[in-house]
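Below is one structure, written out as structure tokens; comments come after it.
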Amino acid sequence: MLGLRPRWKTADAVANLIDTRLRPAGYRLVGAFESAGEPAVAVVGFRESWSASWGLMRWVKDEAHRLGCEVVHLDSGVNLDRAPAHRLYMRHRMAITAHHFSVEV
């Protein structure tokens, strides 16, 4: 997760953000593990929100359906090393609907 959010600088800073700001607002994390005690091979963070395949992606869609969500939005980094992840999203028929831009202040 730190690789996608480098502005937080450390894993502890990411964990603090999640625990103190995101989780109280309904943010949840789910990880996929190859074996117990090992680092996660994939993590998805999500929250239910409202506005005017297989494996982890299938679970995300199923969970969104169970919660009554209309849409699943996914934010992803855009570095060259993200190309395999982007191919995965496209295989799951996810459309690119927006670009998000940011600037450190």
| task | Might you report the magnitude of the Cβ-based charge dipole of the chain about its Cα centre, with Lys and Arg at +1 and Asp and Glu at -1, to the nearest 20 debye? | result | 200
| task | Please work out the Kirkwood hydrodynamic radius for the chain, using every pair of different C-alpha atoms, and report it in angstroms with one decimal place. | result | 15.6
| task | Quote the FRET efficiency, to the nearest 0.05, computed for HIS73 versus GLU38 with a Förster distance R0 of 30 Å and r equal to the Cβ-Cβ distance. | result | 0.55
| message | Once you order the gyration tensor axes a ≥ b ≥ c over the Cα atoms, which shape class does region 59-105 get: rounded for a/c under 1.5, otherwise prolate or oblate by comparing a/b with b/c? | response | oblate
| query | Gain in length, ASP62 to SER102, computed as 0.36 nm per residue apart minus the alpha-carbon separation, to one decimal in nm? | reply | 11.3 nm
| query | Between LEU56, HIS92, LEU80, whose Cα lies farthest towards the positive end of the dipole of region 12-105 when Lys and Arg beta carbons carry +1 and Asp and Glu beta carbons carry -1, centred on the Cα centre? | reply | HIS92
| In region 1-31, which trypsin sites (Lys or Arg not before Pro) fall in coil by DSSP and have 12 or fewer other Cβ atoms within 10 Å? | LYS9
| So what does LEU88 come to for accessible area, using a 1.4 Å probe and Å² rounded to 10? | 60
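The values are calculated or read from the model by the stated rules, or taken from the named source; none is laboratory data. For clarity, every value in this text was computed on a predicted model and none was experimentally measured. Virtual Cβ from ideal backbone geometry, glycine too; neighbours counted across all protein chains shown. The protein model used for the area step is the full one, side chains on, heavy atoms only, and it has no ligands, DNA or RNA in it. Shrake-Rupley method; radii C 1.70, N 1.55, O 1.52, S 1.80 Å.
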